[in-house]
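In what follows, a structure is listed as structure tokens, so that the remarks can point back to it.
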């Protein structure tokens, strides 16, 4: 199962993650990423990898556990 | 004085209006990070491959702040627009100063907000399409659609009162006129700057926080009140960056679709239209000579040593055509999942208005072809007048018939 780690200090608020996977990510009042689901289902592994790659500030990591 | 440099110049001669200069294909293959010289004699590094462009744009040792640096210049190019010194904004700030300002601005322009703007953008677009119809066949889409729609949208977003929008748009339009003399362009820039300065002052006195400037002027940035001149600088940035760039992308979108008419139908569907716009954006990285950064420390990358103080140019247009990332790099290909393009840049300075820009381009193109399904350019798309010699690439004009 994938585990998602977000770095809110690095986040630059582009919101691409919340747009692509709204069931996992949201943006707070300050546009900074909010992690809604730390352990998303396994079928999201590929889209999560895409989102982590697209993140402009490198604020998203996905690890297998 | 140093001897004239023997290094090659930044490739600038296109052989086709839809494609970056062919030298980039060779550079990606043979020398992804290479030395070059600007026309004013300043040397730098040119980065042309996707992975290296992204890596360097994400590197905090590359600074966007050119305030105290003697900048490189393309001044040997004729018709270069003169510059009026503008107050500081996001594009002159590095973290940590950049971070709270960036957040204060991007929170206003999230993808969710951009989606919510779609009906209003469509409404404004239809208003201008009515004018295009009134003008009749031969109407120029740049002047009558691509420039005014993003300008109206940014006016409403910033909170420019309706009574002033015409003035505001006129000045913004002068700024993007090619033939306009330097004094006229400088005067327009100053007029906008003064206007926005007054607007920010007015908004500071008012408790109304229903628009972006109203909120920004009352915001606390890193715990401090937002300084007047920087708020004005950010407003100028939002106006300039959100106006000409989107307008040029709309023009290039029309030209591209002339050669890909079968894709026009995709615009009617939000998901397909979104994918199509991504491909149009990938094909046309309109900041055509790349983005400039300066190393604040020594950087080692792929066996190359970039020394502290050296200039680095990341070619977005070349990265978007990288054969190692794209199966079909030089043509619109909506059929497969693509690596995300870097037209909006990468790293913490990635375009703050990207979601609005995406929505504007998609909605304007959709409404345009819905209103005029048989629309075509008066000449072959390759024969339109392109902004070959401008920092922001695009079309000078796009006359159409239907």
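Against the conditions (1) surrounded by 21 or more Cβ atoms within 10 Å (Cβ to Cβ); (2) at the interface with chain B (Cβ under 10 Å from one of its Cβ atoms); (3) in contact with a strand residue (DSSP E or B) (Cβ under 6 Å, 6 or more places away or on another chain), residue A:12 satisfies every one except (3).
The residues of segment A:16-36 that are within 14 Å of residue A:4 (Cβ to Cβ), in contact with a strand residue (DSSP E or B) (Cβ under 9 Å, 6 or more places away or on another chain) and more than 8 Å from every other protein chain (Cβ to nearest Cβ), listed by number, are A:17, A:24, A:25, A:26, A:33, A:34, A:35, A:36. With respect to the conditions (1) surrounded by fewer than 22 Cβ atoms within 10 Å (Cβ to Cβ); (2) within 20 Å of the chain's Cα centre (by Cα), residue B:312 falls short on a single one, namely (1).
Residues in segment B:101-112 that are touching a residue at least 12 places away in the same chain (Cβ under 8 Å), facing another protein chain (nearest Cβ under 9 Å) and over 20 Å from residue B:360 (Cβ atoms): B:102, B:104. Selection of segment B:371-386 for residues being under 17 Å from residue B:284 (Cβ atoms), out of contact with any helix residue (DSSP H, G or I) (no Cβ under 7 Å at 6 or more places or on another chain) and part of a loop (DSSP other than H, G, I, E, B) yields only B:385.
Only residues that are more than 9 Å from the chain's Cα centre (by Cα) and at negative phi were counted in segment A:2-15, giving 9.
Conditions tested, residue by residue: (1) touching a residue at least 40 places away in the same chain (Cβ under 8 Å); (2) under 16 Å from residue B:273 (Cα atoms); (3) touching a helix residue (DSSP H, G or I) at 6+ places or on another chain (Cβ under 9 Å).
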| position | (1), (2), (3) |
| --- | --- |
| B:303 | no, no, no |
| B:308 | no, no, no |
| B:327 | no, no, no |
| B:333 | yes, yes, yes |
| B:338 | yes, yes, yes |
| B:343 | yes, no, yes |
| B:359 | yes, yes, yes |
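The test for being closer than 30 Å to residue A:55 by Cβ, at pLDDT 90 or above and either more than 19 Å from the chain's Cα centre (by Cα) or assigned to a loop (DSSP other than H, G, I, E, B) (or both) holds for residue B:94.
Considering only residues that are at pLDDT below 95 and within 28 Å of residue B:117 (Cα to Cα), which ones fall in segment B:358-392?
B:392 - this is the single residue of segment B:358-392 that is at pLDDT below 95 and within 28 Å of residue B:117 (Cα to Cα).
Criterion applied to A:18, A:54 was being in contact with a helix residue (DSSP H, G or I) (Cβ under 6 Å, 6 or more places away or on another chain) and modelled with pLDDT of 95 or more, and the one residue passing it is A:54.
Of all residues in segment A:37-65, those satisfying the criterion of being within 14 Å of chain B (Cβ to nearest Cβ), surrounded by 13 or more Cβ atoms within 10 Å (Cβ to Cβ) and over 11 Å from the mean Cα position of the chain (by Cα) are A:56, A:57.
One residue alone among B:88, B:102 is surrounded by 12 or more Cβ atoms within 10 Å (Cβ to Cβ) and either farther than 26 Å from residue B:233 by Cα or at pLDDT 95 or above (or both), and that residue is B:102.
The values are calculated or read from the model by the stated rules, or taken from the named source; none is laboratory data. Quick caveat, the model's predicted, so the values are computed rather than measured. As a convention, Cβ positions derive from the backbone with ideal geometry for all residues, glycine included, and neighbour counts pool all protein chains shown.
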